[in-house]
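Undergrad: Input: one structure, supplied below.
The values are calculated or read from the model by the stated rules, or taken from the named source; none is laboratory data. As the structure is a computational prediction, the values presented were derived from the model and not from experiment. Here the Cβ is made from the backbone with ideal geometry for all residues, glycine too, and neighbour counts use every protein chain on show.
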Protein chains: 2
Amino acid sequence: MTAEEKRVVLDAADLHSSLRDPLLDSMNFLNEIVNRYPRAISFAPGRPYLGLFEPSELDRYVGRYTAHLRDDLGFSKEQVHNNLVQYGRTNGHIGHLIARTLANDEDMHVPAESIVVTVGCQEAMILVLRALFASPDDVLLVADPCYVGIGGAARVLDVTMRAVPESEDGLTVASVTAAVAAVRAEGRRPRALYLVPDFANPSGHSLAPDVRESLLELAERENLLIIEDNPYGFFVRQGTARPTMKSMDAGGRVIYLGSFAKTCFPGARLGYVVADQLVAVPDGERVLLADEISKIKSMVTVNTPSLSQAVIGGMLLEHDCRLREANAPSAAFYRDNMNLMLDSLRKSFPADGGTRWNSPDGGFFVVMELPFPADQRALAVSAADFGVLWTPMREFYLDGGGDRAIRLSCSALAPEQIVDGVERLRDFVAAYART
Amino acid sequence: MTAEEKRVVLDAADLHSSLRDPLLDSMNFLNEIVNRYPRAISFAPGRPYLGLFEPSELDRYVGRYTAHLRDDLGFSKEQVHNNLVQYGRTNGHIGHLIARTLANDEDMHVPAESIVVTVGCQEAMILVLRALFASPDDVLLVADPCYVGIGGAARVLDVTMRAVPESEDGLTVASVTAAVAAVRAEGRRPRALYLVPDFANPSGHSLAPDVRESLLELAERENLLIIEDNPYGFFVRQGTARPTMKSMDAGGRVIYLGSFAKTCFPGARLGYVVADQLVAVPDGERVLLADEISKIKSMVTVNTPSLSQAVIGGMLLEHDCRLREANAPSAAFYRDNMNLMLDSLRKSFPADGGTRWNSPDGGFFVVMELPFPADQRALAVSAADFGVLWTPMREFYLDGGGDRAIRLSCSALAPEQIVDGVERLRDFVAAYART
């Protein structure tokens, strides 16, 4: 035998079953497709626009944060050093700054101790699912189509999911009620509902305030928890911002997930969970759900890099813990981009051409129906021959669907790229429809 | 009902069962006990000494890294910016620098593509366990006593574990062979063995080169994988460094876990996996295990903060990818510290006083037997009345044991604290033995 032949070859069938689920390819697909076609104009990734952040300012933010530790919190020189370079508290150092920001921006008043700082919102999902789901009979309800990160996290942890189909206007109380009843009829327990109430990824839908209210009542009635994920809330295109479900949540049913990837900068990978629910533990005590989540986190990443926390902490301080105001220029950029994309679509695609698209109130995403299946083959032609990328909507469906739809994101593009990209898309659709 | 009474209280019995396992309290216990007794001298946490890193150098390391991207890799200004601030490749940006470092330091030659950069070594454990363990019948063998991070990760993922008792000299081939046979007799599959061959946490034991060789042969014979974790390998106290099992691994049985927490700085939370095994996937192709692990990572943290990678990348470049040499001053510091602790123990504890301790060849940890149970009550008295902290060894046993033993770490202390701390320990042991 040669040296190569001596080496073990593992069998994919012996690895965890999630690895054979297409869901787990989605994130890498979305993150890496851009690298495969570097010259294409990409409506694929929901990345923030690079013009909004300057890496040369990193040092200043760290300085701003350490000054806060020293001057506002009375840290000694050694404690400051410790806070920056050493292993830190599992749930993070900047919960108090995040709590202040949530109070200012969202009128959401939660104790700093209920906040778990995480490595991006993705870790928040893994931690919350792991804490809440105890058996295969506990079911996670998710809007269908849905963000791939929650589905993938559930698959990695063997959490049972049930798709709740979105209507043309997004999730409805009736469809959630029906899903809850179906889960109970199977003898299972509907444990939590995951949703993005503002400018959902991928559909762009938002929930009206009365739908939010009704879903909170339903959660109360059905003993359901709600996992509210809010990465895009600041980026309103038309109308005004709606209240988060967490800020309306008198019953304590909402676990809130946040992210600084879009509002500060993605390279810090900083997210958080607000888990202010009480848990009755065996010795009769009551502890915060955040403290239970902390135990899981200690075994997933131990703690979030202190460096990332220092940078984001410095940015929050710089903006006096008012991120919505600080993001006004970003919100304007994304609003102008989406308006330009919708305008360009209207100019390029005739009303009777077999295409249509929605007009979300904000966020990063527009969904467009094509007159043919929007599959990997179509994407390959679009990328290679027309130099334009998009995401097949079928990637986002648990139970199938969206076969002719694509997701268009304009968040990472300059205006001239949007105009050019939509023209390329027009040419691709016209040519491919004829094949 | 008052507003407070209206709020849901969750029942701990409905949460994931790992949360009721004492294992999951261990990491927080170890990380936070220091905060509870800020004036005590602490032999508890295995933290690196703070004197070895200067936060004011952060900016210089980032600069060194970006110069490398620009000058050595030919990145454009936009690509450099992208690399620092944007979402990045799931498996990381600095695999090539880590591969170079492993070749220089460990004579370990692996392709950069087989390296997954992780948020600390803890994420590496979660990812590897999730990829490899497909069913409750797949069993993870762990040395007993063992690092709490691997046990906790296994519990979080519902991975079945079996303890392999360590002898006075550490893990033996006979005990692993017996454990493999016992697992098979239960109709289960021994899937992987986790070990720290150099200066193990908590026992301080190291495996002799012939034991490493025999364990590799056993892995081959029994179709077992070996998860080698090597956080302390540079820190030799006496004798010379032993070869890593990965560098001896002709059969490709070893998955190697590394960390920059002790050798660069912990605040970056940077670790990695070397997973150069091939996996036969259903379509007949063969892919790297690192690519399979990447899919899991995309659903756990998406990617490792680019900021942390830039800092550690800059440090690796600064030291010409030779971290062993760069760590010579740290190794000398830890060697002197452990020598001083062993000397102090000899001076303070009489040979017939019912105490004994081991003399590890390196690393951070010494294990000491006391003449009474080293439980939480004893620790509370030691901390409150004598101002000295240590870790009960029972924290590290899966199947019970170590009831009278404590782990002493001297890695984070200055010399005068070690002398003072051992005297406090002497006074505590003398007083507590009389109660």
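Undergrad: I'm trying to understand the selection: among the residues of segment A:125-157, which are at the interface with chain B (Cβ under 8 Å from one of its Cβ atoms) and either part of a loop (DSSP other than H, G, I, E, B) or on the phi > 0 side of the Ramachandran plot (or both)?
TA: Correct list: A:Phe133, A:Ala134, A:Leu157.
Undergrad: Out of segment A:158-171, which residues are crowded, with 17+ Cβ neighbours inside 10 Å, at pLDDT 95 or above and not in a strand (DSSP E or B)?
TA: A:Val159
Undergrad: Being under 22 Å from B:Tyr147 (Cα atoms), in contact with a helix residue (DSSP H, G or I) (Cβ under 8 Å, 6 or more places away or on another chain) and either modelled with pLDDT of 95 or more or crowded, with 20+ Cβ neighbours inside 10 Å (or both), is that true of even one residue in segment B:415-435?
TA: no
Undergrad: Which numbered condition trips up A:Gly252, out of (1) of a type outside the set (Phe, Trp, Tyr); (2) in a loop (DSSP other than H, G, I, E, B); (3) within 21 Å of the chain's Cα centre (by Cα); (4) within 14 Å of chain B (Cβ to nearest Cβ)?
TA: Result: A:Gly252 passes all but (3).
Undergrad: Output the residues belonging to segment A:109-124 that are touching a helix residue (DSSP H, G or I) at 6+ places or on another chain (Cβ under 8 Å), assigned to a helix (DSSP H, G or I) and more than 8 Å from chain B (Cβ to nearest Cβ).
TA: Residues satisfying the conditions are A:Ala112, A:Glu113, A:Ser114, A:Cys121.
Undergrad: Taking the residues in segment A:115-144 that are of a type in the set (Val, Ile, Thr) and over 17 Å from the mean Cα position of the chain (by Cα) as candidates, determine which candidate is surrounded by the fewest Cβ atoms within 10 Å (Cβ to Cβ).
TA: Applying the filter and picking the extreme gives A:Val139.
Undergrad: Moving on. Going by the conditions given, is B:Ala261 at pLDDT below 95 and surrounded by fewer than 20 Cβ atoms within 10 Å (Cβ to Cβ)?
TA: Considered against the rule, which asks whether it is at pLDDT below 95 and surrounded by fewer than 20 Cβ atoms within 10 Å (Cβ to Cβ), B:Ala261 comes out as no.
Undergrad: Further question on the same structure: Can you find a residue that is in contact with a Lys or Arg (Cβ under 9 Å, 6 or more places away or on another chain), over 30 Å from B:Ala134 (Cβ atoms) and not basic (Lys, Arg) anywhere in segment A:8-31?
TA: no
Undergrad: Okay, next question. Going by the structure shown, is B:Asp105 at pLDDT below 90 and among the charged types (D, E, K, R)?
TA: In short, no.
Undergrad: What single numbered condition from (1) free of Cβ contacts under 8 Å to residues at least 12 places away in the same chain; (2) under 25 Å from the mean Cα position of the chain (by Cα); (3) assigned to a helix (DSSP H, G or I) fails to hold for A:Pro38?
TA: So A:Pro38 meets the others, but not (3).
Undergrad: Please go through segment A:172-198 and give me each residue that is in contact with a helix residue (DSSP H, G or I) (Cβ under 8 Å, 6 or more places away or on another chain), assigned to a helix (DSSP H, G or I) and hydrophobic (A, V, I, L, M, F, W, C), ordered by number.
TA: Hits for segment A:172-198 are A:Val173, A:Val176, A:Val180.
Undergrad: Return the total of residues in segment A:389-402 being farther than 22 Å from A:Leu141 by Cα and of a type in the set (Asp, Glu).
TA: 0
Undergrad: Which one of these does B:Arg64 not meet: (1) closer than 26 Å to B:Phe234 by Cβ; (2) part of a helix (DSSP H, G or I); (3) charged (D, E, K, R); (4) within 12 Å of chain A (Cβ to nearest Cβ)?
TA: Result: B:Arg64 passes all but (4).
Undergrad: Something else now. Check every one of the helices (runs of 4 or more DSSP H) wholly within segment A:292-366 and list those with 1 or more residues that are under 30 Å from B:Ile126 (Cα atoms) and in contact with a strand residue (DSSP E or B) (Cβ under 8 Å, 6 or more places away or on another chain).
TA: Helices (runs of 4 or more DSSP H) meeting the threshold: A:306-318.
Undergrad: Ok, one more. Which residue is nearest to B:Thr304 (Cα to Cα), if the candidates are limited to segment B:255-277 and must be among the β-branched types (Val, Ile, Thr) and more than 13 Å from chain A (Cβ to nearest Cβ)?
TA: The extreme case among them is B:Val273.
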